[in-house]
Amino acid sequence: MLLLILLEEEFSRLGQLKPQSVSQIELSIQELMRQIVAERYSLRKLIGGVDPEAQKVAELYPRMEEAMATKCQELIKRLDGIEQKCAIQAAKNNEMAMALFDQSKGLLDFMHNQIKPKNTSAYARSGRFAQAPSSARLLSGRM
């Protein structure tokens, strides 16, 4: 549930265009994800300790009392629902971040095109104004 709250907060800050606070939330999300992964590995070890052939909690239901199995099923169903909401929110956050990136990139490209000299022969390699030959010239040379 904390992950969902953090993802929603990240989306809110993306909408408010606060990049510094978005990066702070992103670090919290990454740390929470590390903790969740560690907890899942720990849970798998516990399951393996109860039944070496079992891979999931659902495979332990036959060994549990009916009340305990029902309670575990409810908790796992709730966790799955929250996990799906987190996945949806993460996809929304990704779309928002990519849209903001594309918008910023487009604006920067536009500004660079406006600043860039239209006449490409305006500057010499040294960075100074190029000495453009005047249109009136005398042609000299050998024949």
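Do you know which residues across the stretch 1-21 are touching a residue at least 40 places away in the same chain (Cβ under 8 Å), within 14 Å of the chain's Cα centre (by Cα) and either within 17 Å of M98 (Cβ to Cβ) or loosely packed, with under 14 Cβ neighbours inside 10 Å (or both)?
Start the filter on the stretch 1-21 by keeping residues that are touching a residue at least 40 places away in the same chain (Cβ under 8 Å), which leaves 1, 3-4, 7-8, 10-11, 14-15, 17.
Restricting the remaining residues to those that are within 14 Å of the chain's Cα centre (by Cα) gives 7-8, 10-11, 14.
Scanning the stretch 1-21 gives L7, E10, F11, L14.
Of everything in the stretch 39-80, what is among the aliphatic types (A, V, I, L, M) and either farther than 25 Å from L7 by Cβ or open to solvent by less than 60 Å² (accessible area, probe 1.4 Å) (or both)? Give them in sequence order.
L46, I47, V50, A54, V57, A58, L60, M64, A67, M68, A69, I76 - these are the residues of the stretch 39-80 that are among the aliphatic types (A, V, I, L, M) and either farther than 25 Å from L7 by Cβ or open to solvent by less than 60 Å² (accessible area, probe 1.4 Å) (or both).
Within the stretch 86-116, how many residues turn out to be in a helix (DSSP H, G or I) and either exposed (fewer than 10 other Cβ atoms within 10 Å of the Cβ) or in contact (Cβ under 8 Å) with a residue 24 or more places away in the chain (or both)?
Number of matching residues: 12.
The values are calculated or read from the model by the stated rules, or taken from the named source; none is laboratory data. Here the structure is a predicted model, which means the values were calculated and not measured. Quick reminder, even Gly has a Cβ in these numbers, built from the backbone with ideal geometry, and neighbours come from all protein chains shown. Surface areas here come from the heavy atoms of the whole protein model, side chains and all, with no ligands, DNA or RNA. Shrake-Rupley method; radii C 1.70, N 1.55, O 1.52, S 1.80 Å.
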